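As structure tokens, the structure follows; a few thoughts come after it.
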Amino acid sequence: MKSAPLHKNESARIQKLLEYEVLDTEAEKSFDDLTELASEICGTPISLISLVDPNRQWFKSKVGLGANETERDIAFCSHAILQDEIFEVEDAAKDERFFDNPLVTSNPDIRFYAGMPLISPDGLPIGTLCVIDREPKKLDEHQRKALKILGSEVISKLELRVKTKRLEQANQFKTEFLSNMSHEIRTPLNAILGFTDLVLNNADEYLKTPIAKTYLENIDFSSKHLLSMINAVLDLSKIEAGKMELEPNQFDICDTLDNLLNMLNLKASQSGIKIVHSYTSDSNFDVYLDAGKFSQIIINLVNNAIKFSPSDSTIQLNLKIENNQAVIDVVDQGIGIAEKDLSTIFDKYHQVGQKKTHGTGLGLSITLGLVELMGGEISLKSSVNVGTHVTISIPLAPPPVASTDIEESIEKPIPEGLRILVVEDNMINQVLVKAMLENLNCVVTLTDLGEESAELYKNHEFDLVLMDINLPDINGFEATELIKAHDPDSIVVALTADVFSHENEKLFKHKLTKPITLDGLKQTLSGLFG
């Protein structure tokens with residue numbers, strides 16, 4: 001007897017078999033129908049769907065055989081999975097590979113065997129659909145073709161099982177994600193609404209005491225927390241839609257990391273966690289990258305490490321610049337990640353592990369997207385109760401040739417009495433923007449209609465138009481076109497809650513994304529008129 005050698009890609013083959021999650025499962029009619037059909041067409045008393053694992057062949061479906069499995073060393077199927085086409089033995093008693101095989105010399109007394117390899121879409125054989133007879137035999141072309149088609153159908157059913165399960169898991173993860181997001185959004189909203197209600201109902205009493213300032217600070221903190229979660233969802237959407245753009249600039253990466261770690265150390269020290277770091281370079285530490293997105297990557301990684309680390313532990317951040325590549329390692333001594341969860345760690349809808357924490361769970365998904373946007377790679381190794389090691393590698397491009405015409409980015413004073421037309425259909429936003437502009441000594445005119453804004457501009461003199469995009473009549477783009485038709489040199493700034501770029505944004509001198517802050521408005525006016 002000659003045992004079959006292992007498949008040339010045995011480890012990948014076994015991994016593929018395990019991915020189907022079919023070993024040792026109950027019988028299923030859809031598979032039994034295929035083995036019965038194979039037996040009928042090929043005219044054999046025995047037909048099997050045989051799956052070959054490291055030690056045995058196990059039968060998912062069987063016709064005419066009592067056993068559920070046999071040893072792999074004596075399995076005909078172990079030979080069949082090494083073939084690309086049907087493996088056929090016309091008379092096993094006369095074949096030097098099988099004549100003394102116990103499956104030939106005793107029950108089930110195999111003489112004829114034909115096995116069609118069950119080959120996955122990526123070319124890995126996991127077993128066979130085989131037919132067996134106790135008499136010598138040879139399949140005709142019709143039977144061979146039928147057995148091949150039935151083998152393909154077995155693989156199709158296994159693939160369908162995997163896709164169905166993944167879809168169910170995706171739906172489950174999405175449900176958990178939405179439930180988590182609902183909780184995370186309602187928590188700061190509860191604080192915003194609750195403290196606002198307290199202040200409004202007790203204004204005469206509270207506004208004269210320090211407690212009003214405390215409540216307003218809580219409202220401010222909760223609002224910013226809510227905005228950060230919304231921004232996380234929008235960032236991920238922009239990355240997936242290919243709308244996230246890089247804005248590289250030259251900066252000292254060590255200074256940036258120092259500033260980030262100073263900020264992150266405050267949070268870490270509250271939990272009794274220490275952050276240590278090291279920087280090495282084969283050239284210098286001046287890099288040309290998108291500093292904002294780079295900072296977001298570091299904040300996400302270190303915050304994650306802090307979140308899942310116990311007190312009295314250490315987080316290590318190492319930077320190494322070598323061969324025009326920045327490699328950053330973030331190593332923690334936290335709770336770690338189970339091996340089964342590593343494959344889904346970057347899924348946007350899936351928070352791994354038993355410990356569910358506050359937050360959207362989008363940090364790693366966004367980090368992966370930003371790293372790939374910068375042309376880099378990210379890898380993660382982890383062990384439960386040992387810790388996690390994340391490595392990011394980002395290529396460093398040389399900076400462009402510096403222009404001799406560099407404008408200093410110094411905030412300049414805003415002229416008194418700027419005449420500004422605000423086009424905004426939300427009444428509360430009208431009140432807010434008007435109050436902010438008047439705080440900056442501007443003269444404000446309000447309208448909530450696009451067509452009316454064009455008429456007002458024709459009949460009055462304005463230095464600037466702040467244009468909402470979504471209006472009840474014509475949209476902000478159309479209204480701006482009307483204004484530009486009257487005055488091509490008009491200065492129109494978009495007011496929008498839409499973070500995605502649009503082709504016709506070139507109509508605007510600038511874009512202010514809601515929610516608008518007083519500082520943001522001041523910087524815009526300073527840049528335009530200072």
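Along region 266-275 the Karplus relation, 6.51 cos²θ - 1.76 cosθ + 1.60 evaluated at θ = phi - 60°, assigns HN-Hα couplings of 4, 5, 5, 5, 5, 9, x, 10, 10, 10 Hz to successive residues, with x for each Gly and Pro. Scalar couplings 3J(HN,Hα) for region 515-529, obtained by applying the Karplus form with A = 6.51, B = -1.76, C = 1.60 to θ = phi - 60°, are x, 8, 10, 5, 5, x, 5, 5, 5, 5, 5, 5, x, 7, 10 Hz; x denotes Gly and Pro.
Scalar couplings 3J(HN,Hα) for region 280-294, obtained by applying the Karplus form with A = 6.51, B = -1.76, C = 1.60 to θ = phi - 60°, are 9, 8, 8, 9, 8, 10, 7, 10, 10, 9, 7, 4, x, 6, 4 Hz; x denotes Gly and Pro. Of the peptides 447-457, 468-478, 65-75, the ranking by mean beta-carbon count within 10 Å, highest at the top, reads 447-457, 468-478, 65-75. The magnitude of the dipole of region 278-338, with charges of +1 and -1 set on the Cβ of Lys/Arg and Asp/Glu and taken from the Cα centre, is near 200 debye.
Note on V386/D122: beta-carbon distance plugged into 1/(1 + (r/R0)^6) with R0 of 22 Å gives a FRET efficiency of 0.10. Descending by average beta-carbon neighbour count within 10 Å, the peptides 413-421, 161-169 line up as 413-421, 161-169, the highest first.
Close amide H pairs (under 5 Å, H built 1.01 Å from N) link I46 with I132, residues at least 5 positions away or on another chain. Exposure check, 1.4 Å probe, all protein chains in place: M263 carries approximately 100 Å² of accessible surface.
Using only alpha carbon pairs under 8 Å that are at least six residues apart, calculate the relative contact order of region 414-530 and give it in whole percent. Normalised by residue count, the contact order of region 414-530 is 25 percent. Amide H to amide H, with H built 1.01 Å from N, I273 comes under 5 Å of D312, counting only residues 5 or more places away or on other chains.
The values are calculated or read from the model by the stated rules, or taken from the named source; none is laboratory data. Since the model is a prediction, treat every value here as computed from it, not as a measurement. All Cβ positions, glycine included, derive from the backbone under ideal geometry; neighbour counts span all protein chains shown. The protein model used for the area step is the full one, side chains on, heavy atoms only, and it has no ligands, DNA or RNA in it. Shrake-Rupley method; radii C 1.70, N 1.55, O 1.52, S 1.80 Å.
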